[in-house]
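The structure under discussion appears below in the form of structure tokens.
The values are calculated or read from the model by the stated rules, or taken from the named source; none is laboratory data. As the structure is a computational prediction, the values presented were derived from the model and not from experiment. For neighbour counting, all protein chains shown are included, and Cβ atoms are generated from backbone atoms with ideal geometry for every residue, glycine included.
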Amino acid sequence: MIKKAILPVAGLGTRFLPASKSIPKEMVTVVDRPAIEYVVREAVEAGIEQIILVTHSSKAAIENYFDRNFELETTLEQKKKFGLLSEIKDIVPAHVSIVSVRQPQPLGLGHAVLCAKSIVGQDDFAVLLPDVLVKAASNQHDLAQMIQRYQQSQAAQIMVEAVPDHLVDQYGIVEVAQIPDEGESELMQGIIEKPAVGTAPSNLSVVGRYILPAKIMQLLEQTPKGAGNEIQLTDAIAMLQQTDPVEAYRMSGQTFDCGSKLGYLKAVLHYGIEHPKLGRDFQKLIHAVEVKNWSMS
Ligand code: G1P
């Protein structure tokens, strides 16, 4: 069973400056909670019980968010604000633990994953990149599907989605004999990090959700620096694929790249409209903006 998930959160978020100058980019708010909470929830809904944050000294706000805050809890209790109290106490269910380890140098995503080696031990694990929010299509949770598929096939699973051809140089891109349907996996024949436009083996991009065997850690230890002069997870997966089956899982949900400003705004719109308490009024607000009528009272 896949019970552990690595979330690499040490990145400095240069794509999100100036917002990320003094707060972690993962703590930027999407509607009423930080972006990282959506990613942690996605993992928990897929059955993950231990979240491993690979973090940086400037990012203690993330660990604090998932910790209890005794002073705040006591104040809310005294003021009888029980609704808010349960919201801040129940950010993750009691059976889920959050641990953290530091990435001492910014040597790339592969290196970040390797920093969690001793916590992962002999267990197979998931990796979720926190810039990307994944929204399930109806009841079908892509990460849960990938875990199920991993258990059946024992093939590592790499979540992919189609991107326009001119954007392939921003992603890991996979090679498959046949493009899988949404919600299906297909044996991967290759994977390459950020190929130049016109040279990519497909337009299926790596979304940032992976189910990997424990042995990938040994491969990461041998992975030389690759694209961007960084140790790339993609390169270790390419090595794994020489000896073990690796499958590309084509997602059926929707992605929001909160690492980019426009992607972030799309996420705010989307999650705002779907918010159980704010959604209706937010929709009215959008409508009012559309008809250029700001008088909302
Ligand atoms: C990382 C991965 C890349 C993947 C992307 C998804 O790149 O290395 O394979 O497609 O995340 O967001 P980064 O965006 O960190 O450069």
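Can you pull out the residues in the stretch 212-229 that are polar (S, T, N, Q) and in a loop (DSSP other than H, G, I, E, B)?
Across the stretch 212-229, the qualifying residue is only T223.
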Next item on the list: Report yes if some residue within the stretch 76-93 is within 14 Å of K3 (Cβ to Cβ) and modelled with pLDDT of 95 or more; otherwise report no.
Entry: no
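Each row is one residue, and each column tells you yes or no for (1) surrounded by 15 or more Cβ atoms within 10 Å (Cβ to Cβ); (2) of a type in the set (V, I, T); (3) over 30 Å from K135 (Cα atoms); (4) away from the ligand (no atom under 15 Å from the Cβ).
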| position | (1), (2), (3), (4) |
| --- | --- |
| I216 | yes, yes, no, no |
| G226 | yes, no, yes, no |
| N229 | no, no, yes, no |
| L233 | yes, no, no, no |
| A236 | yes, no, no, no |
| Q241 | yes, no, no, no |
| P245 | no, no, no, yes |
| A248 | yes, no, no, no |
Margin query: Take G263 and tell me if it is small (G, A, S) and either modelled with pLDDT of 95 or more or surrounded by 16 or more Cβ atoms within 10 Å (Cβ to Cβ) (or both).
Written below: yes
Item checked: Residue identified as without any contact (Cβ under 8 Å) to a residue 40 or more places away in the chain and over 22 Å from the mean Cα position of the chain (by Cα) among P224, P245, P164 -> P224
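Being in a helix (DSSP H, G or I) and out of contact with any strand residue (DSSP E or B) (no Cβ under 9 Å at 6 or more places or on another chain) is the filter here; which residues of the stretch 16-38 pass it? Break it down stepwise before answering.
Our first condition is that a residue be in a helix (DSSP H, G or I); within the stretch 16-38, this holds for 16, 19-21, 25-27, 35-38.
Passing the criteria: F16, A19, S20, K21, K25.
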Next item on the list: Could you grab me the full set of residues in the stretch 116-172 that are in contact with a strand residue (DSSP E or B) (Cβ under 9 Å, 6 or more places away or on another chain), among the acidic types (D, E) and within 11 Å of the ligand (Cβ to nearest atom)?
Entry: D131, E161
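Right, E182: touching a Pro at 6+ places or on another chain (Cβ under 6 Å), surrounded by fewer than 20 Cβ atoms within 10 Å (Cβ to Cβ) and over 26 Å from K25 (Cα atoms) or not?
Working: touching a Pro at 6+ places or on another chain (Cβ under 6 Å): no; surrounded by fewer than 20 Cβ atoms within 10 Å (Cβ to Cβ): yes; over 26 Å from K25 (Cα atoms): yes.
In short, no.
Could you list, in sequence order, the residues of the stretch 173-211 that are more than 11 Å from the ligand (Cβ to nearest atom) and under 21 Å from P8 (Cα atoms)? Lay out the reasoning, then the answer.
Residues of the stretch 173-211 more than 11 Å from the ligand (Cβ to nearest atom): 175-190, 196-203, 211.
The answer is I211, and nothing else.
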Next item on the list: Would you check which residues across the stretch 133-168 are crowded, with 22+ Cβ neighbours inside 10 Å and farther than 19 Å from E184 by Cβ and list them?
Entry: L133, V168
Item checked: Filter result for the condition that a residue is closer than 18 Å to L129 by Cα and among the basic types (K, R), over R209, R280 -> R209
